[in-house]
Amino acid sequence: MDQPLQCKLSSLCLISQHKLEKILSLCGDKADLIIDSSLIKPLERICGVTWLRQHGIEKIYKMDPQLGQTANTNKIYFISACKHKYKCVLDQISSQLSQNPSLADSKCFNIIIVPKVLHTYDSILESKGLYGVVKLHSFSWELMSLDDRLLSLELPFLFKQLYVEQNHSLLSSVSMSLWSLFQVTGQPKCIISLGKLSSSVLNVLEIYNETYTRDYVSKHTDEIDTLLLIDRNQDYASCLLIPATYSGLLNEIFNITCGHLDLNVKETKYKKGRINFTTVSEENNKKVTMTLDSSIDNLYGEIKHRHFSEVLSVLSSKAKLLKNEDIKALGIQEIKHFVSTKLQQVALFKQNLVNHVLASETIISEMNNKFENVTYTESEMLNNRNKKSNFNFVDENFGTDIQIYNSLRLMCLLSLTQGLTYDEYNNLINKYLLAFGYKFLYVFQNLINAGLLFQPVSLKLTLNISNLSGLSDRLPKWQNSFQNQAAKLKQLPSQVDKSKTSPSYVFNGSYVPLIASISNILLTSESLTEALTKLSNSLELKLSGSLLENMKLGIETLNEKLSNLKLNSELDYRCLDVKSLLKKFKTDSKLSSEFNFKTKSVLVYVIGGVTYPEIAACDVVQNATGSKIYVASDCVASGSDYISACF
């Protein structure tokens with residue numbers, strides 16, 4: 001426990017490796033691994049091919065519905081907790097059993113499901129007649145360190161399940177990831193949750209702490225003072241806005257899996273979502289993969305959080321430095337020294353430079369000339385100005401930008417910030433369905449379920465208001481709930497600041513992400529009490545952590561809580577409401593003194609994915625306050641990823 005935090009975080013990979021080793025030992029001595037393609041990159045971070053071969057895996061196949069016989073009769077399927085993929089695997093197994101019924105007795109089929117096996121999977125197994133023939137294994141891997149102070153579970157399907165489908169069966173996996181993290185780093189003094197899902201995660205986390213108590217684990221850590229656990233739907237604006245940072249735009253254009261970017265300029269996210277009226281034969285290009293890790297690519301570490309307008313000038317200056325490096329003037333001994341020490345590094349740097357230039361050129365060509373118009377309109381929406389012209393821009397965009405996600409993204413942002421009338425809402429839906437087809441009608445209900453879109457109610461007034469036609473123009477301009485909260489937390493700067501001194505630069509100076517704003521309040525307040533007082537004015541927060549455990553505030557045990565639980569009441573186990581806690585401070589000075597410590601480090605955990613602009617904004621707060629901010633989530637996503645999750 002005395003090791004630096006970065007070493008502790010790297011040990012999480014070894015824990016995942018040990019878990020997988022235990023599962024493989026239950027699957028027989030020799031087997032073939034059939035893996036879902038989306039899990040290849042995360043598995044590579046846990047273990048390599050050599051490690052798998054050492055633990056009984058002979059051959060590895062990609063998951064394919066048309067996959068035929070493999071070399072080994074003993075098979076291990078490696079899939080994510082998706083019912084469709086699970087049924088596809090069972091169909092394949094049923095097909096193999098129909099051809100060779102003797103396989104049923106050998107029990108040679110194993111399915112490893114990430115992050116866990118759900119109870120419904122046993123029922124499906126029984127309905128297929130495979131109960132006892134197929135063995136299921138849960139594999140809940142630990143948080144992966146993708147970059148400096150960036151951790152991810154790499155479970156991108158969680159957002160769809162939690163928010164779109166309202167299926168919370170995998171929420172306990174988030175609690176388990178936090179519990180495992182705290183076994184390595186120690187428990188934070190204070191844990192703050194914002195949102196219903198975060199509150200549920202805290203409740204399950206407290207149950208894990210009580211059930212799996214370990215005496216040797218330190219009760220608190222000096223490296224992480226406060227954990228901020230927040231639901232994704234608390235700040236959808238940070239998902240819908242077009243980012244201005246290099247890393248943010250990379251994620252908008254290219255596919256990034258587990259910190260690896262697929263530099264395919266022929267099939268970007270924008271091109272995949274656009275209607276093609278002409279068929280163009282694509283040439284087979286060599287696949288290029290970029291690793292977005294500052295420790296591996298120093299150039300990426302220098303430009304990842306920069307405003308995109310600065311990136312090309314930085315890349316140009318780096319290219320000039322390479323050009324000025326003349327090895328012709330070196331002597332024989334100097335050339336030998338250069339070849340043995342620097343040549344490989346220079347070659348790698350040149351390749352990285354070429355890749356970043358190509359990526360930047362692709363961003364410019366994909367964004368075209370619409371970037372400035374879109375960001376200006378977004379700024380007007382955020383500040384609740386020019387509603388009519390903003391709607392006209394979105395309306396026109398539905399007809400001119402034939403891209404399956406972009407139009408919906410703007411529509412959702414307008415609905416979130418300024419609202420849509422019943423007629424405006426139906427007008428935009430009709431235009432979208434005419435462009436892409438009525439088969440996508442269900443998408444709008446999914447957007448509503450996730451909270452990305454608000455459905456207006458038709459108001460049929462019988463009152464004659466013909467004499468009040470000009471009244472709306474004379475009424476004062478009222479702000480909606482979005483602007484009210486953003487104003488209280490200082491998320492809407494009065495002046496546009498594109499420099500890196502303000503976290504709002506990540507959205508072209510228009511908006512400060514919520515996690516950056518809350519982190520700034522936590523780190524700049526003189527005490528935790530002061531920070532909670534500021535935050536509780538606009539946010540509904542719950543509190544937990546080692547502080548409450550040490551104080552023993554007479555919190556009910558789990559059994560007492562369950563026995564006193566009333567119908568339709570929520571179970572908040574060992575989690576306190578911040579507003580009620582602040583009221584107790586007024587009468588109990590001893591209790592208030594326990595919270596008079598200053599937060600110096602924060603771990604932000606976003607349930608439902610985090611974006612690169614949010615990470616960049618936290619980096620600005622970190623540098624300004626001289627503190628540490630660690631960002632963790634179940635995945636790193638872009639705005640188009642959230643919209644596509646509703647399809």
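The values are calculated or read from the model by the stated rules, or taken from the named source; none is laboratory data. Here the structure is a predicted model, which is why all the values come from computation and not from measurement. Cβ atoms come from the backbone with ideal geometry, glycine included; neighbour counts cover every protein chain shown. Accessible surface is based on the protein model in full, side chains and every heavy atom, while ligands, DNA and RNA are left aside. Shrake-Rupley method; radii C 1.70, N 1.55, O 1.52, S 1.80 Å.
Test residue 86 against the stated conditions and say whether it is without any contact (Cβ under 8 Å) to a residue 40 or more places away in the chain and among the hydroxyl-bearing types (Ser, Thr, Tyr). Show your work before the answer.
Numbers: without any contact (Cβ under 8 Å) to a residue 40 or more places away in the chain: yes; among the hydroxyl-bearing types (Ser, Thr, Tyr): yes.
Judged against the criteria, residue 86 is a match.
Just one of the listed residues (60, 34, 15) is among the aliphatic types (A, V, I, L, M), in a strand (DSSP E or B) and open to solvent by 50 Å² or more (accessible area, probe 1.4 Å), namely 60. For region 478-499, does any single residue satisfy the condition of being open to solvent by 80 Å² or more (accessible area, probe 1.4 Å) and among the aromatic types (Phe, Trp, Tyr)? Yes: one or more hits.
Residues checked against (1) more than 36 Å from the chain's Cα centre (by Cα); (2) more than 15 Å from residue 75 (Cα to Cα); (3) hydroxyl-bearing (Ser, Thr, Tyr):
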| site | (1), (2), (3) |
| --- | --- |
| 116 | no, yes, no |
| 119 | no, yes, no |
| 131 | no, yes, yes |
| 135 | no, no, no |
| 138 | no, yes, yes |
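Among all residues of region 129-145, there is none that is touching a residue at least 12 places away in the same chain (Cβ under 8 Å), in a helix (DSSP H, G or I) and among the acidic types (Asp, Glu).
Tell me, which residue of region 282-336 that is more than 26 Å from residue 499 (Cα to Cα) and among the acidic types (Asp, Glu) is modelled with the highest pLDDT?
Only one residue fits best here, namely 334.
Against the numbered list (1) open to solvent by 50 Å² or more (accessible area, probe 1.4 Å); (2) of a type in the set (D, E, K, R); (3) in contact with a Cys (Cβ under 9 Å, 6 or more places away or on another chain), residue 107 comes up short only at (3). Scanning region 177-200 for residues that are part of a helix (DSSP H, G or I) and under 17 Å from the mean Cα position of the chain (by Cα), we see that the one that is surrounded by the fewest Cβ atoms within 10 Å (Cβ to Cβ) is 197. All conditions but one from (1) of a type outside the set (Lys, Arg); (2) under 18 Å from residue 140 (Cβ atoms); (3) over 32 Å from the mean Cα position of the chain (by Cα) apply to residue 94; the one that does not is (2).
Here are some residues: 540, 549, 570. Which one is at pLDDT below 95, more than 28 Å from the chain's Cα centre (by Cα) and open to solvent by 10 Å² or more (accessible area, probe 1.4 Å)?
After applying the criteria, what remains is 549.
Number of residues in region 110-123 that are at pLDDT below 95 and either among the hydrophobic types (A, V, I, L, M, F, W, C) or over 22 Å from residue 169 (Cα atoms) (or both) equals 1.
Whenever a residue of region 93-111 is without any contact (Cβ under 8 Å) to a residue 40 or more places away in the chain, its partners that are open to solvent by 60 Å² or more (accessible area, probe 1.4 Å), lying with C-beta atoms within less than 8 angstrom and at least six residues away or across chains, give the pairs 94/128; 96/69; 103/73; 106/73; 107/135; 109/135; 111/135.
Looking only at region 285-297, filter to residues that are farther than 14 Å from residue 251 by Cα and exposed (fewer than 14 other Cβ atoms within 10 Å of the Cβ); which one of those is nearest to the chain's Cα centre (by Cα)? This residue is 295.
Can you tell me which residue among 396, 424, 380 is assigned to a helix (DSSP H, G or I), open to solvent by less than 20 Å² (accessible area, probe 1.4 Å), charged (D, E, K, R) and without any contact (Cβ under 8 Å) to a residue 40 or more places away in the chain?
380
On inspection, residue 95 fails the criterion of being of a type outside the set (D, E, K, R), touching a Lys or Arg at 6+ places or on another chain (Cβ under 9 Å) and more than 15 Å from residue 34 (Cα to Cα).
Whether a residue is assigned to a helix (DSSP H, G or I), in contact with a helix residue (DSSP H, G or I) (Cβ under 7 Å, 6 or more places away or on another chain) and open to solvent by 40 Å² or more (accessible area, probe 1.4 Å) was assessed, and residue 40 does not pass this test. The condition of being touching a residue at least 60 places away in the same chain (Cβ under 8 Å), surrounded by fewer than 18 Cβ atoms within 10 Å (Cβ to Cβ) and over 23 Å from the mean Cα position of the chain (by Cα) holds for only one of 371, 349, that being 371. Filtering 151, 155 for residues that are at pLDDT 95 or above, assigned to a strand (DSSP E or B) and on the phi < 0 side of the Ramachandran plot leaves a single hit, 151.
For the subset of region 63-99 comprising residues that are of a type in the set (A, V, I, L, M, F, W, C) and open to solvent by 20 Å² or more (accessible area, probe 1.4 Å), which member is farthest from residue 13 (Cα to Cα)?
Top of the filtered list is 97.
Residue 583 - would you say it is closer than 30 Å to residue 503 by Cα, at pLDDT 75 or above and open to solvent by 60 Å² or more (accessible area, probe 1.4 Å)? Here the answer is no, as residue 583 does not meet what is asked. Summed over region 620-644, residues that are more than 20 Å from residue 229 (Cβ to Cβ), surrounded by fewer than 24 Cβ atoms within 10 Å (Cβ to Cβ) and either small (Gly, Ala, Ser) or in the same structural domain as residue 162 (by TED's automatic domain parsing) (or both) total 7. Scanning region 518-545 for residues that are assigned to a loop (DSSP other than H, G, I, E, B) and more than 23 Å from residue 619 (Cβ to Cβ) yields 526, 527, 537, 538, 540, 545.
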